[in-house]
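What follows is one structure encoded as structure tokens, with my remarks underneath.
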Amino acid sequence: SFDLDAQFLVSQGYSVLQPNYRGSVGRGREFQHAILEDWGGGEQEDIAAGGRWLGARNSVDEDRLAVFGISYGGYSAYCQLTMHPEIWAAGVAWVGMTDLELLYEESMPHFQAVLEQQLGDPEENAEFYRERSPITHVEEIRAPIFIVHGVNDPRCPISQARTFRDELLDLGWEAGEHGEFEYEELTEEGHGSSDMDQKVRSFDLVSGFLERRL
């Protein structure tokens with residue numbers, strides 16, 4: 001189906017791959033359920049495989065591959081840059097999750113129930129929650145990352161972005177257009193926005209980062 005973000009990137013001259021990784025629909029129940037209790041595992045291997053496949057194509061510059069995602073895609077962008085850092089030259093993580101334990105603690109009850117369904121009990125599976133959290137592997141990141149998050153996000157609190165930002169700062173990374181990472185808090189947004197002016201601003205932010213970094 002039509003995807004506005006993908007179409008925008010294509011209009012800017014980028015090649016776009018949207019992998020149908022494990023957990024997606026269209027390939028049966030077993031494929032769709034393969035992600036249960038495996039966040040940050042097999043589906044991230046699928047995305048990484050897509051990146052390697054792209055890099056091997058003659059029409060693509062393997063030194064200029066970027067990963068971009070929103071919501072769970074934002075979590076995937078964080079995972080790719082920390083767990084598969086050798087593939088990517090840059091990444092954009094938009095309203096993504098970075099610390100699954102903190103996410104559970106700060107979530108409303110109905111979101112906690114979703115996390116328990118997807119990841120198991122947070123106390124019994126505490127080590128798993130930590131292992132599959134990008135924040136745990138932050139020292140592995142190599143490529144510049146653009147962190148974008150809405151301040152009023154009820155689904156994925158702004159603390160997820162701030163925690164990762166603070167870890168990068170503790171590692172000595174400098175923020176800003178000339179630093180190792182860039183950071184933007186959207187004060188009028190929650191978990192995304194359908195407002196057209198805010199959409200245009202979002203495209204402006206992404207295209208500016210990619211132009212600078214790729």
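Give the percent of DSSP beta bridges with both residues in the chain that are antiparallel, rounded to the nearest 5. Among the beta bridges of the chain, antiparallel pairing accounts for roughly 5 percent. Gyration tensor analysis over the Cα atoms of the chain returns equivalent ellipsoid semi-axes of 25, 21, 18 Å (largest first, whole Å).
With the Cα gyration tensor of region 109-214 giving a ≥ b ≥ c as the square roots of its eigenvalues, does the rule (a/c under 1.5 for rounded; else a/b larger than b/c for prolate; else oblate) give rounded, prolate or oblate? Judged from the Cα gyration tensor, region 109-214 comes out oblate (a/c at least 1.5, b/c at or above a/b). For the peptides 43-56, 70-83, the ranking by mean Cβ contacts within 10 Å, running from highest to lowest, is 70-83, 43-56. With protein chains left intact and a 1.4 Å probe, residues in region 119-214 average 52 Å² of accessible area per residue. Take each peptide in 157-163, 94-100, count the other Cβ atoms within 10 Å of every residue, and average; sorted highest first, the result is 94-100, 157-163. Measuring r between the beta carbons of residue 57 and residue 123 and using R0 = 35 Å, the FRET efficiency lands at 0.20. Ligands, DNA and RNA are left out, and with a 1.4 angstrom probe the accessible area of region 20-69 is 62 Å² per residue.
Only helices enter the 222 nm calculation for the chain: every DSSP H run of n ≥ 4 contributes -39,500 (n - 2.57), and dividing by all residues gives -13000 deg cm²/dmol, rounded to 500.
The values are calculated or read from the model by the stated rules, or taken from the named source; none is laboratory data. Since we're looking at a predicted model, the values are computed, not measured. Positions of Cβ are generated from backbone atoms using ideal geometry, with glycine treated the same way; all protein chains shown enter the neighbour counts. Areas reflect the complete protein model, heavy atoms only, side chains present, ligands, DNA and RNA absent. Shrake-Rupley method; radii C 1.70, N 1.55, O 1.52, S 1.80 Å.
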